[in-house]
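Only the coordinates and a few stated rules stand behind these numbers; no lab work does. All figures in this text were calculated on a predicted structure; none of them were measured in a lab. Every residue, glycine as well, gets a Cβ built from its backbone with ideal geometry; the counts of neighbours run over all protein chains shown.
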Number of protein chains: 2
Amino acid sequence: MSDACVIIIGNEVLSGRTKDANLSFLGERLNEIGVRLLEARVIADDTDTIIENVNDCRARFDYVFTTGGIGPTHDDITSDAVAKAFGLPLIRNPEALALLQQHYSNPEDLNEQRLKMCETPEGATLIDNPISKAPGYQIGNVFVLAGVPVVMRAMFESLKHRLVGGLPMLSITIVAYIGEGVLAGGLGVVQEAHADVEIGSYPFFRDGSLGSALVLRGTDQATLEAAAEAVREMVRGLGVEPFEEANA
Amino acid sequence: MSDACVIIIGNEVLSGRTKDANLSFLGERLNEIGVRLLEARVIADDTDTIIENVNDCRARFDYVFTTGGIGPTHDDITSDAVAKAFGLPLIRNPEALALLQQHYSNPEDLNEQRLKMCETPEGATLIDNPISKAPGYQIGNVFVLAGVPVVMRAMFESLKHRLVGGLPMLSITIVAYIGEGVLAGGLGVVQEAHADVEIGSYPFFRDGSLGSALVLRGTDQATLEAAAEAVREMVRGLGVEPFEEANA
């Protein structure tokens, strides 16, 4: 199974002003095509920081997705930094230029700042943006995407056929109004007996009651269902009726 | 100004099942006390991964906050990994044990799994948890916190007096229904003239209209206000009336 890392480039996420909406989308969609998202980083809009993280991550993961910093303003420095990370010249990409020339029928509208959105490292392959035209791109195993969620999502749909995935990750979520401390012993026993399934336990407070969400994940439906049945029996053995929750 | 990094330990965030709710809280609260959050990482529940990231981050940032993985179940491996990262033995912390013994008046309820919540690296200083008692802790410059948001927040309030901060980061957000491509040139000029203020531009689609949120950040109110006035004038010069938006 191939793996991936997401690099969210954004001071606005680190300052708490904006809640990132891209990570959960990418995590889910990658799961569906059998690419495992193993790490995500939120980093500052700083050229050296971007270079360091892109180079570290592209060496360690099969696929790297960056989001943010490819617009027309002074703080959009992602493409410059990615080109430097690869040691490639930043060029005005002819194919991207043609797309924007087509989009802005009045040539005056395609000002110097918007032309910045045509810049890619030399040799990049564009990623279609059906929403606002200015494209993303792929260079090596790095996919450079927009930060605006609606645009990022459309770009992901445009590029996903390029990813070599595997078996989709399946999951079952079993919820019970019972504290983790009560079920931890039994759950550990179930986990040991079902090593091919990854079992996570997530406590929550809901409507004043303490509960646990038990999330089982694996690539084989039968194995997963067997482990889920063992979890349900374990919970019933503690005198509580578990129920299923739709996965996100 | 001191800086910080957050390490979110959680397969459930990477799979997209759970949307992280802790990062924006920490970003905002750290800003208020003048500690700059420079990076956040979301990593998998894997011992080697946790060790590597804790050691990398504690060397590079003044403060590191981890969230998640300190409960009683088999997938709660944070304390074990943090102890290994520091090369310290994992002990049953006597002070933490006393807290739990007080909380669980029936000794049978304090089972082996819950006793795991008393484990810390040797020499750790506890962080009070007024919500569910099981404490977090500090070891060196690393603060180990719960993942459940309500508990994490309470722990942060318990520990924040230990942080050496600086001037709070102030911000003004100016919003205008105008595309980034139109204002990018003028905004770059304002940024150059106001180097002590960091100006970020964030495009958005709202009610079918394209707009830009211009976020100014700095530690001096007068400098910040002067830059904001320059941004307002620049936007008005483009024939659009800007308005202020409350910061998150």
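Once the Cα gyration tensor of the range B:200-248 is diagonalised, what are the square roots of 5 times its eigenvalues, in whole Å and ordered largest first, as equivalent ellipsoid semi-axes? Write down the numbers at each step before the final one.
Working: eigenvalues 86, 41, 13 Å².
Largest first, the range B:200-248 gives 21, 14, 8 Å.
Above 25 Å lies some portion of the pair distances; for the range B:107-248, what is it as a whole percent of all C-alpha pairs?
On the way: 5204 of 10011 pairs.
That fraction is 52 percent.
Which lysines have a Cα less than 23 Å from the Cα of residue A:19, not counting those fewer than 8 places away in the same chain?
Residue A:19 reaches B:19, B:160.
Would you please state the base-10 log of I(q)/I(0) at q = 0.18, 0.19, 0.22, 0.23 1/Å for the range A:166-248, with intensities from the Debye formula using one equal scatterer on every alpha carbon?
-0.69, -0.76, -1.01, -1.09
Could I get the Rg over Rh figure for the protein assembly as shown? Both from C-alpha atoms, Rh via Kirkwood, rounded to two places. Could you put the intermediate results ahead of the total?
On the way: Rg = 24.1 Å, Rh = 24.2 Å.
Ratio of gyration radius to Kirkwood radius for the protein assembly as shown: 1.00.
If each Cα of the range B:1-115 is one equal point scatterer, what is log10 of I(q)/I(0) from the Debye formula at q = 0.11, 0.13, 0.16, 0.22 Å⁻¹?
Treating every Cα as an identical point scatterer, log10 I(q)/I(0) equals -0.44, -0.61, -0.87, -1.20.
Tell me which A residue has its C-beta closest to the axis rotating A onto B, and the distance in Å?
Rotation axis A onto B, closest Cβ, rounded to whole Å: A:41, 3.
Report, ordered by chain and residue number, the lysines lying within cross-link reach of residue A:84, taken as a straight Cα distance under 25 Å and ignoring same-chain residues fewer than 8 apart.
Those lysines meeting the cut-off are A:116, A:133.
For residue B:56, which inter-copy label distances result when the label point lies 7 Å beyond Cα on the Cα-to-Cβ vector, reported in nm to one decimal and in ascending order?
0.4
Apply the membrane-span-like helix rule to chain B: whole DSSP H runs, Cα extent along the own long axis of at least 18 Å, mean Kyte-Doolittle hydropathy at least 0.0. List the helices found. Numbers along the way, then the final one.
Details: long enough: B:47-60 (20 Å, -0.74); B:180-193 (20 Å, 0.84); B:221-237 (24 Å, -0.06).
Membrane-span-like by this criterion, though nothing is claimed about a membrane: B:180-193.
May I have the convex hull volume per residue, in Å³, for the Cα set of chain B? Let's see the in-between values first.
Working: hull volume 37.0 nm³, N = 248.
Looking at chain B, the number lands at 149 Å³ per residue.
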